[in-house]
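K.L.:
Quick one: the structure is below, and I'll ask about it shortly.
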Amino acid sequence: MITVKSTIKASVDKVWNFWNSPEHISKWCSASPEWHTPYSENDLREGGKFKSTMAAKDGSMSFDFEGEYTLVKTNEAIEYVMGDGRKVEISFTETPNGVEVIESFDPETQNPEEMQRGGWQAILDSFKNYTESN
């Protein structure tokens, strides 16, 4: 698995809410300013499904990021399986410096692992910036 992490200076309730609410996901879920997430839906429960459409702002490309939850522990952990069968584990841990979010995922085989790590870290950094400034 590939792991990315960040510590967000906010309460665990706020971090959980911003991570999981479609109205917030659409504002932070992109790896670069050239991309955005114009659509997001989230049924946050074990067996529930989620989908976010990630798209280039110039309209040249888009894809749906989707999966099904296998574990949901409010303010603590989320696990899901993506549409292609890869697994993701996310933990939310309160620390004296904020909430540490650790996200581990099975890599795909088309792109180098460093590229995948960089992309997922960029999205997590975008989440941190959005959450701390709102």
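K.L.:
Any idea which of (1) within 28 Å of Thr95 (Cβ to Cβ); (2) surrounded by 12 or more Cβ atoms within 10 Å (Cβ to Cβ) is the one Arg45 doesn't satisfy?
P.N.:
All conditions pass for Arg45, except number (2).
K.L.:
Of the residues Ser6, Ser21, Ser30, Ser52, only one is surrounded by 14 or more Cβ atoms within 10 Å (Cβ to Cβ) and at pLDDT below 95; which?
P.N.:
On the way: Ser6 fails: at pLDDT below 95; Ser21 fails: at pLDDT below 95; Ser52 fails: at pLDDT below 95.
Checking each option against the conditions leaves just Ser30.
K.L.:
Where residues in segment 88-134 are among the aliphatic types (A, V, I, L, M), more than 19 Å from Glu66 (Cβ to Cβ) and not in a helix (DSSP H, G or I), which of them is most open to solvent (accessible area, probe 1.4 Å)?
P.N.:
Here is the first cut: in segment 88-134, the residues among the aliphatic types (A, V, I, L, M) are 88, 90, 99, 101-102, 115, 122-124.
Adding the requirement that they be more than 19 Å from Glu66 (Cβ to Cβ) leaves 99, 101-102, 115, 122.
Filter once more, keeping what is not in a helix (DSSP H, G or I): 99, 101-102.
Working: Val99: 2, Val101: 0, Ile102: 48 Å².
Among them, the one singled out is Ile102.
K.L.:
Being part of a strand (DSSP E or B) and either hydroxyl-bearing (Ser, Thr, Tyr) or out of contact with any strand residue (DSSP E or B) (no Cβ under 7 Å at 6 or more places or on another chain) (or both) is the filter here, so list the residues in segment 33-73 that pass it. Steps first, answer last, please.
P.N.:
In the first step, residues of segment 33-73 are kept if they are part of a strand (DSSP E or B); the result is 35-42, 49-56, 62-73.
Correct list: Thr37, Tyr39, Ser40, Ser52, Thr53, Ser62, Tyr69, Thr70, Lys73.
K.L.:
Please go through (1) of a type outside the set (Phe, Trp, Tyr); (2) modelled with pLDDT under 95; (3) open to solvent by 90 Å² or more (accessible area, probe 1.4 Å) for Gly83 and return the number of the only condition it doesn't satisfy.
P.N.:
Failing condition for Gly83: (3).
K.L.:
Which one is nearest to Ser52 (Cα to Cα) among residues in segment 1-26 that are in contact (Cβ under 8 Å) with a residue 24 or more places away in the chain and among the small types (Gly, Ala, Ser)?
P.N.:
Ser26
The values are calculated or read from the model by the stated rules, or taken from the named source; none is laboratory data. Only a predicted model underlies this, so the values are computations on that prediction, with no experimental measurement involved. Positions of Cβ are backbone-derived with ideal geometry, glycine not excepted, and every protein chain shown enters the neighbour counts. These area figures cover heavy atoms from the full protein model, side chains too; ligands, DNA and RNA do not enter into them. Shrake-Rupley method; radii C 1.70, N 1.55, O 1.52, S 1.80 Å.
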